[in-house]
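Undergrad: I have a structure I would like to understand better, so I am pasting it below and will then ask my questions one at a time.
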Amino acid sequence: METLTLPAQTGLSRAKKTAVIYASVMLSIHLGILLVISTGVSPVAFLVGFIFYLVRGFGISIGYHRYFAHKSFKTGRFFQFILALMGSLSNQGGVLWWSSTHRGHHKYSDTKDDLHSPIAHNFWHAHLGWMWSKEAYGKSKNPCHDLGKFPELKALNKHYVFVILFQVAGFFGLGVLLNTLYPELGTSGLQILVWGFFISTVFMWHCTFMVNSVCHIWGYQRYKNSGDFSRNNPFVSLVTFGEGWHNNHHKYSWAARNGFKWWEFDPSYYLLKTLALFGIVSDLKVPTQEQLQTTH
Ligand SMILES: [Zn+2]
Ligand SMILES: [Zn+2]
């Protein structure tokens, strides 16, 4: 009997430990923002933070979400790795873990098996709390075998913590270098670390997390039969580069395009169209005109 129950218990405690580690790291990164009180800001530090907000935002939107989780377009193996790296820089977990939990969100939308539904759970749990719960780290119900066959993606997923450590060292080093070469910029290692890592990461986190929380509560529902409570929210779309058109997305989750009307601003789709012009990505899946015009 013991041999039957022990592995399950071990797995459970490992998931619990992982949840505690994730919660501690996320809390520490939030608290890291407070360092801004002593470092202040400079134009170059703000610029670095903004550039990495773009890298992280598009890494999540066109990389982790539209490519890895939904396969809404094709690309070569090199750019696939770049997308995985950009997504990893957002500090939202490894590429396989993120894709697998997101596929679960679509499979079990707004039911108790949906890890981050504000309807089945509550707003806080959908926004952030789910990542601090052991359920997020147990054996996946939706393993991404299609992604796991690439050793470089598996390695990046497994050693994802080094991406975080590399960023901490990299931003600090960049600040020290800038201060040495161009002291007139008025920056420092700690200041670039605060803006490029702590502030930029936490800001992007909450933009992404709003897709899970806000976009299942507030906004308009073009497709009331999408089978869930997803909403289109213009504000969330603005800060997530088009990810807030979430009701459109739940209706056609395979689509590379989330904004269906001309006024539904979807910079991630515009970027994909531009990349397609250069042959970097191809076969963008988009809804037909008829699908775009129906509301059921
Ligand atoms: Zn959703
Ligand atoms: Zn999705």
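All of the numbers you see were taken from the coordinates with simple rules; none came from a lab. As the structure is a computational prediction, the values presented were derived from the model and not from experiment. Glycine gets a Cβ as well: all are built from the backbone with ideal geometry, and neighbour counts include every protein chain shown.
Undergrad: 222 nm [θ] for the chain, helices only, -39500 (n - 2.57) per DSSP H run of 4+, per residue, to 500?
TA: Working: 15 runs with 161 residues, N = 296.
Mean residue ellipticity, 222 nm, calculated: -16500 deg cm²/dmol.
Undergrad: Where does each of D266, D146 land when they are ranked from fewest to most other beta-carbon atoms within 10 angstrom?
TA: Values: D266 23, D146 10.
The order, fewest Cβ neighbours first, is D146, D266.
Undergrad: I'd like the Karplus ³J(HN,Hα) series for the range 116-123: coefficients 6.51, -1.76, 1.60, θ = phi - 60°, whole numbers in Hz, and an x wherever there's a Gly or Pro.
TA: 10, 9, x, 7, 6, 10, 8, 4
Undergrad: Give the shape of the range 1-123 as rounded, prolate or oblate, defined through the alpha-carbon gyration tensor: a ≥ b ≥ c are the square roots of its eigenvalues, a/c under 1.5 means rounded, and otherwise the shape is prolate if a/b is larger than b/c and oblate if not. Provide the component values of the computation, followed by the final result.
TA: Details: a/c = 2.01, a/b = 1.35, b/c = 1.49.
It comes out oblate by the Cα gyration axes.
Undergrad: Could you list, in their original order, any pairs among K141/K273; K251/K285; K71/K261; K17/K71; K139/K285; K16/K71 whose Cα atoms are separated by more than 24 Å? Kindly include the intermediate steps, with their values, before the conclusion.
TA: Numbers: K141/K273 33 Å; K251/K285 14 Å; K71/K261 22 Å; K17/K71 31 Å; K139/K285 31 Å; K16/K71 31 Å.
Violating the 24 Å limit, Cα to Cα: K141/K273; K17/K71; K139/K285; K16/K71.
Undergrad: Where a ≥ b ≥ c are the square roots of the eigenvalues of the C-alpha gyration tensor, would you call the chain rounded, which needs a/c under 1.5, or, failing that, prolate if a/b is larger than b/c, or oblate?
TA: Values: a/c = 1.58, a/b = 1.16, b/c = 1.36.
Cα axes put the chain in the oblate bin.
Undergrad: What does the charge count near P151 come to, summing +1 for each Lys or Arg and -1 for each Asp or Glu among other residues with Cβ under 15 Å from its Cβ?
TA: Details: positive: R77, K149, K154, K158; negative: D146, E152.
Once all neighbours under 15 Å are counted, the net charge is +2.
Undergrad: Counting only complete DSSP H runs, which helices of the chain cover 20 Å or more along their long axis at the Cα atoms and score a mean Kyte-Doolittle of 0.5 or above? Before the final figure, lay out each step's value.
TA: Working: long enough: 2-32 (44 Å, 0.45); 43-58 (23 Å, 1.84); 160-181 (31 Å, 1.96).
Helices meeting the span and hydropathy rule in the chain are 43-58, 160-181.
Undergrad: Where does each of W132, W262 land when they are ranked from fewest to most other beta-carbon atoms within 10 angstrom? Could you put the intermediate results ahead of the total?
TA: Numbers: W132 15, W262 6.
By the 10 Å Cβ count, ascending, the order reads W262, W132.
Undergrad: Over what distance in Å are the Cα centres of the range 249-296 and the range 154-223 separated?
TA: Using only Cα atoms to place each centre, the spacing works out to 27 Å.
Undergrad: Same structure, new question: For V176 and K71, calculate 0.36 nm times their separation in residues minus their Cα-Cα distance, and state this gained length in nm to one decimal.
TA: Working: separation 105, 0.36 × 105 = 37.80 nm, distance 4.00 nm.
So the extension gain works out to 33.8 nm.
Undergrad: For a protection proxy built on the mean count of beta-carbon atoms within 10 angstrom, sort 16-27, 220-231 highest first, please.
TA: Working: 16-27: 14.1, 220-231: 17.2.
Put in order of decreasing packing, that is 220-231, 16-27.
Undergrad: Please rank R103, R14, R56, fewest neighbouring Cβ atoms within 10 Å first, as an exposure proxy.
TA: Values: R103 19, R14 13, R56 25.
Result, fewest neighbours first: R14, R103, R56.
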